[in-house]
Amino acid sequence: MQRTITLDPPPDLRLSLGHLNGGTTHPDRPLTATSGWRASRAPTGPATLRLAVTGTSITASAWGPGAEWALHHLPDLLGAGDDPDSFPTNNHRLMRQLKGKFRGLRIARTERVHEAIVPVILGQVVTRTEAKRAERRLNETYGEAAPGPEPLRLQPAPGVLGRLQYEDFHPLGIARNKAGLIIDVSRRAARLEEITAMEPDAANKRLRAIKGIGPWSSALVMSEALGDPDAVPVGDYHLPNTVAWALAGEARATDARMLELLEPFRPHRYRAALMLKLSGTGAPKYGPRTGVRSFAQF
């Protein structure tokens, strides 16, 4: 099953899909600007996509029970509803440069809330290395093989995670509070998926009503599942410093200062922050690096 769509400018698949938390990619073939694999759990069942970009055309081949749904929502996944050219640079030299450099960055709308929220929970208050390690172990232990000809693996289904106990998460290096939160959101998965039909404020309110889901987690889920280009992840450890250093030459900043500096870029504040992050811009670092820990040994 295949579908081809046209987008101008075309998406850079590595930029547009590579930062997503939900879904899985090929273990041996990383996303490039023009090609990639992605497995996800559609409402109608698992689906695997193979994506290829040629000029302004993007062709997707799909496998699995969810293939028809995945192809129908292909424009959303590739950011067809996003408008990178409307990003307001406000005559800031660096932002003008980044707008040109990242013209292929389209904010994807996956419409899969549970797939986004579980990796976000795993990423709370730990290094990226720790989070990815825990996610990989979770997928290997409780996920399943994705449909299609390649060895992709699906994230665990909500029904599977919702039946687990903390003792099942401990050997994977996942702390008790995160295990409890993953079980909770998995049991609420059907209600959480409803936020894709809501306005951002209402969606944020429903997410934030869950104990353990704060502004950082909510923003990351909304930017991904709803394709919200304005969802700023307040509470990020590094982002305020990155934004302040790039936009004002200030090495350290609070969330309030970050929001003040990003305000001129509304309604593209998430895009602005993401471009700064992808560019490798970083404030000077002081003090020791945070070490990688494992809860499995405790």
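The values are calculated or read from the model by the stated rules, or taken from the named source; none is laboratory data. In this text, all values refer to a predicted model and were calculated from it rather than measured experimentally. A quick note on method: Cβ atoms are made from the backbone with ideal geometry, for glycine too, and the neighbour counts reach across all protein chains shown.
Please specify each residue of the range 151-170 satisfying the condition of being assigned to a loop (DSSP other than H, G, I, E, B) and either loosely packed, with under 15 Cβ neighbours inside 10 Å or at pLDDT below 95 (or both).
Pro151, Arg163, Gln165, listed by residue number.
Might you let me know whether the range 81-97 holds any residue that is farther than 19 Å from Tyr270 by Cα and either at pLDDT 95 or above or not charged (D, E, K, R) (or both)?
No: the range 81-97 contains no residue that is farther than 19 Å from Tyr270 by Cα and either at pLDDT 95 or above or not charged (D, E, K, R) (or both).
Every residue, every condition in (1) part of a helix (DSSP H, G or I); (2) touching a helix residue (DSSP H, G or I) at 6+ places or on another chain (Cβ under 7 Å); (3) among the aliphatic types (A, V, I, L, M); (4) over 21 Å from Ile5 (Cα atoms), yes or no:
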site	(1), (2), (3), (4)
Asn91	no, no, no, yes
Leu94	yes, yes, yes, yes
Pro119	yes, yes, no, yes
Glu130	yes, no, no, yes
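Could you run through the range 132-150 and say how many residues are touching a residue at least 12 places away in the same chain (Cβ under 8 Å) and either part of a loop (DSSP other than H, G, I, E, B) or farther than 21 Å from Arg187 by Cβ (or both)?
Start the filter on the range 132-150 by keeping residues that are touching a residue at least 12 places away in the same chain (Cβ under 8 Å), which leaves 133-135, 137-144, 146-150.
Then drop every residue that is not either part of a loop (DSSP other than H, G, I, E, B) or farther than 21 Å from Arg187 by Cβ (or both), which leaves 133, 137, 140, 143, 146-150.
Residues that pass the stated criteria total 9.
Could you list, in sequence order, all residues of the range 1-23 that are surrounded by 16 or more Cβ atoms within 10 Å (Cβ to Cβ) and touching a Lys or Arg at 6+ places or on another chain (Cβ under 7 Å)?
Correct list: Pro11, Ser16, Leu17, Gly22, Gly23.
With the checklist (1) surrounded by fewer than 22 Cβ atoms within 10 Å (Cβ to Cβ); (2) out of contact with any Asp or Glu (no Cβ under 7 Å at 6 or more places or on another chain); (3) more than 24 Å from Met222 (Cα to Cα) in hand, flag the one item His26 doesn't pass.
(2)
Scan the range 222-244 residue by residue and report those that are among the aliphatic types (A, V, I, L, M) and closer than 14 Å to Leu77 by Cα.
Listed by number, the residues that qualify are Met222, Ala225, Leu226.
For Val53, state whether it is assigned to a helix (DSSP H, G or I) and modelled with pLDDT of 95 or more.
In short, no.
Could you check, for the range 34-41, whether at least one of its residues is buried (at least 20 other Cβ atoms within 10 Å of the Cβ), more than 24 Å from Ile121 (Cβ to Cβ) and either of a type in the set (Phe, Trp, Tyr) or touching a helix residue (DSSP H, G or I) at 6+ places or on another chain (Cβ under 8 Å) (or both)? I'd like the intermediate steps shown before the answer.
In the first step, residues of the range 34-41 are kept if they are buried (at least 20 other Cβ atoms within 10 Å of the Cβ); the result is 36-41.
Narrowing further to those that are more than 24 Å from Ile121 (Cβ to Cβ): 36-37.
So of that shortlist, the ones also either of a type in the set (Phe, Trp, Tyr) or touching a helix residue (DSSP H, G or I) at 6+ places or on another chain (Cβ under 8 Å) (or both) come out as 36-37.
Yes: the range 34-41 contains one or more residues that are buried (at least 20 other Cβ atoms within 10 Å of the Cβ), more than 24 Å from Ile121 (Cβ to Cβ) and either of a type in the set (Phe, Trp, Tyr) or touching a helix residue (DSSP H, G or I) at 6+ places or on another chain (Cβ under 8 Å) (or both).
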